[in-house]
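To start, the structure itself, in structure tokens.
The values are calculated or read from the model by the stated rules, or taken from the named source; none is laboratory data. The model shown is predicted, which means the values in this text are computed figures rather than measured ones. Cβ coordinates were reconstructed from backbone atoms using ideal geometry, including for glycine residues, and neighbour counts include every protein chain displayed. Note: areas computed on protein heavy atoms with side chains; ligands, DNA, RNA excluded. Shrake-Rupley method; radii C 1.70, N 1.55, O 1.52, S 1.80 Å.
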Amino acid sequence: MSSLTVTAPAKINLCLGVGARRPDGFHPLATVYQAIGLYDRVTVSPADDLSLEVRADDRLCVAGVPTDGANIAVRAALLLARHHGVERGAHIVLDKGIPVAGGMAGGSADAAATLLACDAVWGLATPRAELAGLAAELGSDVPFALVGGTAIGSGRGEVVTPLMTRGTYWWVVLESAQGLSTPRVYAEFDAMHAGAEVGDPEIPDALIAALLGHDVSDLGAVLSNDLQAAALRLRPELADVLAVGIAHSAHGAVLSGSGPSCLFLCANRSHAQRVAGGLGAEGLGPVSFAPGPVRGAHATASEG
Ligand code: C5P
């Protein structure tokens, strides 16, 4: 095979329960992930050395995305080669469609897609369970990007259990011009809870019931995010933005992961178009909309 393109989705958290900081610096999570139809595409071609190129249309700002060994896609390729004790090169092209530093796991999607693409292009045939282990080493959200759909996340987010749900939802995503750093939001969470007892995180039963019943208004009422208050301390203006989406008939509004992207739950595509139009009319944007759940990282094109 000469080159392979793998497409990987953005993730959102329908609930994000966060516990007290662990000794390793991470926080225990109880979350329900959903993969939604905003995508990064990763094309891997065999090459002598390892190199990376980042592309995006004008809508997305990719200036902050590193193109050296600090990029998680490069780290994914190196980790896979090291796991097999081989030295391999590749030219990796990231076509970004997921907001950068938006709380939607765009870097994790790139890492998952790179693992799959390099594995195929290099002919390594790594068993899926081993790939999931490598994914977990790369980042808390990377295993979910391999799986997609809707799933429970536990541990620090890397333990993923698929969840049976019915039907499709539509999400309006409002991006922010400036990203938020995930460690910074977690640090703010710690500061807010300093000296207080933080209970073990749990997934609300009502969320599981709403998903099983495919009840969009029940789901909207139970969306939750323990990082939201911390992110809003760093970006207070986002509280009003969430309220504007509700005023424009969204069934629910919540910050995506550590933010700053805002999510608005809609019943179907035309409802999402209406809510997106309402936000745009209030001068908010850029907005996009996407269905969920969608499948995890998968090959979309190959050559040779
Ligand atoms: O695992 P990942 O590299 O995505 O995590 C980025 C940062 O987010 C971590 O260094 C940590 O500061 C924070 N984090 C956390 N608890 C988690 C996941 C991430 O504190 N469960």
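In deg cm²/dmol, rounded to 500, what helix-only [θ] at 222 nm does the chain give when every DSSP H run of at least 4 residues adds -39500 (n - 2.57) and the total is split over its residues? If you can, show how the numbers build up before the last one.
Working: 10 runs with 103 residues, N = 304.
Calculated at 222 nm, the ellipticity per residue is -10000 deg cm²/dmol.
Could you check the spin-label model distance between Ala209 and Ala191? Points 7 Å from the Cα along Cα→Cβ, value in nm.
3.8 nm
In nm, give the distance between the simple-model label positions of Asp68 and Ala247, each being 7 Å from the Cα along the Cα-to-Cβ direction.
So the label points at Asp68 and Ala247 sit 4.6 nm apart.
Taking the mean number of other Cβ atoms within 10 Å as a proxy for protection, how do you rank 113-125, 269-281, 241-253 from highest to lowest?
Details: 113-125: 22.7, 269-281: 17.5, 241-253: 19.5.
Ranking the peptides 113-125, 269-281, 241-253 by packing returns 113-125, 241-253, 269-281.
Stokes-Einstein D for the chain at 10 °C, 1.306 mPa s, Kirkwood Rh over Cα pairs, in µm²/s? Before the final figure, lay out the partial values.
Working: Rh = 19.5 Å.
Calculated translational D: 81 µm²/s.
Could you work out how much longer the chain between Met164 and Glu282 gets when fully extended? Use 0.36 nm per residue separation minus the Cα distance between them, nm to one decimal. Write down the numbers at each step before the final one.
Details: separation 118, 0.36 × 118 = 42.48 nm, distance 3.68 nm.
Taking 0.36 nm per residue and subtracting the Cα distance, the gain is 38.8 nm.
Calculate the translational D of region 169-292 in whole µm² s⁻¹ from Stokes-Einstein, where the hydrodynamic radius comes from the Kirkwood formula applied to all Cα pairs, the temperature is 4 °C and the viscosity 1.567 mPa s.
On the way: Rh = 15.2 Å.
It comes out at roughly 85 µm²/s.
Quick one: if the Förster radius is 45 Å, what FRET efficiency do Leu234 and Glu87 give, using the C-beta to C-beta distance and rounding to 0.05?
Details: r = 42 Å, r/R0 = 0.94.
Given R0 = 45 Å and the Cβ-Cβ separation, E is 0.60.
Report Rg(Cα)/(2.2 N^0.38 Å) for region 3-163, keeping two decimals.
Working: Rg = 15.2 Å, N = 161, 2.2 N^0.38 = 15.2 Å.
Ratio of Cα Rg to 2.2 N^0.38 Å: 1.00.
Sort the following peptides by mean Cβ neighbour count (other Cβ atoms within 10 Å, averaged over residues), highest first: 191-199, 30-38. Write down the numbers at each step before the final one.
Numbers: 191-199: 10.0, 30-38: 24.7.
So the peptides 191-199, 30-38, ranked by packing, come out 30-38, 191-199.
Starting at 0 and stepping by 10 Å, how many percent of the alpha carbon pairs of region 1-52 end up in each bin?
Bin by bin from 0 Å, the calculated values are 20, 26, 25, 24, 6.
What accessible surface, in Å², does a 1.4 Å probe find on His91, ignoring ligands, DNA and RNA and rounding to the nearest 10?
60 Å²
Give the accessible area for Asp57 in Å² (nearest 10); use a 1.4 Å probe, count only protein heavy atoms, and leave out ligands, DNA and RNA.
90 Å²
Please determine, in degrees from 0 to 90 and to the nearest 10, the orientation of helix 269-281 with respect to the longest principal axis defined by the Cα atoms of the chain, where the helix direction is its Cα long axis.
The angle comes out near 70 degrees.
Between Arg55 and Ser270, what is the label-point separation in nm under the 7 Å Cα-to-beta-carbon projection?
Output for this residue pair reads 3.7 nm.
Report the Cα centroid-to-centroid distance between region 205-266 and region 1-63 in angstrom, as an integer.
Taking the Cα centre of region 1-63 as reference, the centre of region 205-266 is 21 Å away.
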